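In what follows, a single structure is set out as structure tokens and then discussed.
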Amino acid sequence: MKRQFFLILVLSMLSGIAYGQTAEKDSIQVISIEKFEKMSFKKKNMVVDVRTPEEIAEGHLPGALNINFLGDNFSSEINNLNKNKTYLLYCWSGSRTRRAADQMQKAGFKKVYMLEGGITAWKEAGKPIEQ
């Protein structure tokens, strides 16, 4: 009985520690299409498409800057950006956006947001795309 109690106590503590680390680390907000679109109109905010140039050629959000997350120079390109601005990131569905946002946050960017569902959700919502 003592062994079971001890095991439950240890597992509870470990899950609490893991949760605390995850919650503390993940301060990047995933925002809705509506909020993303509204924020994209503000001059101090920059929309960044982290997909490849080939994917961009198929269509992108109006006014988006392309910084290819899979490219060799992603780190140097983000280091040239103003860390005081607000960045609105997206990719195809969100996976690369998460990794790009994490890297930007580690580089000192404080205001980084992710589009929920990426450009796929944007298109499904009937929002504008540029070629």
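The values are calculated or read from the model by the stated rules, or taken from the named source; none is laboratory data. Model, not experiment: these values are computed from the prediction. Because the Cβ atoms are built from the backbone with ideal geometry, glycine has one as well, and the counts that use them run over all protein chains shown.
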Say whether the condition of being of a type in the set (Gly, Ala, Ser) and at pLDDT below 95 is met by at least one residue in segment 32-40.
no
Condition first: over 22 Å from residue 120 (Cβ atoms), of a type in the set (S, T, N, Q) and at pLDDT 75 or above. Can you find one or more residues in segment 11-25 that meet it?
no
Scan segment 103-115 and report the pairs whose first residue is within 11 Å of residue 85 (Cα to Cα) and whose second residue is among the hydrophobic types (A, V, I, L, M, F, W, C) and part of a helix (DSSP H, G or I), with Cβ atoms within less than 8 Å and a gap of 6+ or a chain change.
109/78; 112/101; 112/104
Selection from segment 69-83 of residues that are touching a residue at least 24 places away in the same chain (Cβ under 8 Å) and either farther than 15 Å from residue 104 by Cα or of a type outside the set (D, E, K, R) (or both):
69, 70, 74, 75, 78, 79, 81
Quick one: residue 94 ticks every box in (1) in contact with a Leu (Cβ under 8 Å, 6 or more places away or on another chain); (2) exposed (fewer than 14 other Cβ atoms within 10 Å of the Cβ); (3) small (Gly, Ala, Ser) bar one, so which box is it?
(2)
Single residue of segment 108-121 satisfying the filter (in contact with a Leu (Cβ under 9 Å, 6 or more places away or on another chain) and under 18 Å from residue 45 (Cβ atoms)) that is surrounded by the most Cβ atoms within 10 Å (Cβ to Cβ)
115
Hey, can you tell me all the residues within segment 33-56 that are of a type in the set (A, V, I, L, M, F, W, C) and in contact (Cβ under 8 Å) with a residue 24 or more places away in the chain?
33, 36, 39, 46, 47, 48, 50
Within segment 69-91, take every residue that is hydrophobic (A, V, I, L, M, F, W, C) and out of contact with any Ser or Thr (no Cβ under 9 Å at 6 or more places or on another chain) and give me the one that is surrounded by the most Cβ atoms within 10 Å (Cβ to Cβ).
78
Would you mind telling me which numbered condition in (1) surrounded by 14 or more Cβ atoms within 10 Å (Cβ to Cβ); (2) in contact (Cβ under 8 Å) with a residue 24 or more places away in the chain residue 66 fails?
(2)
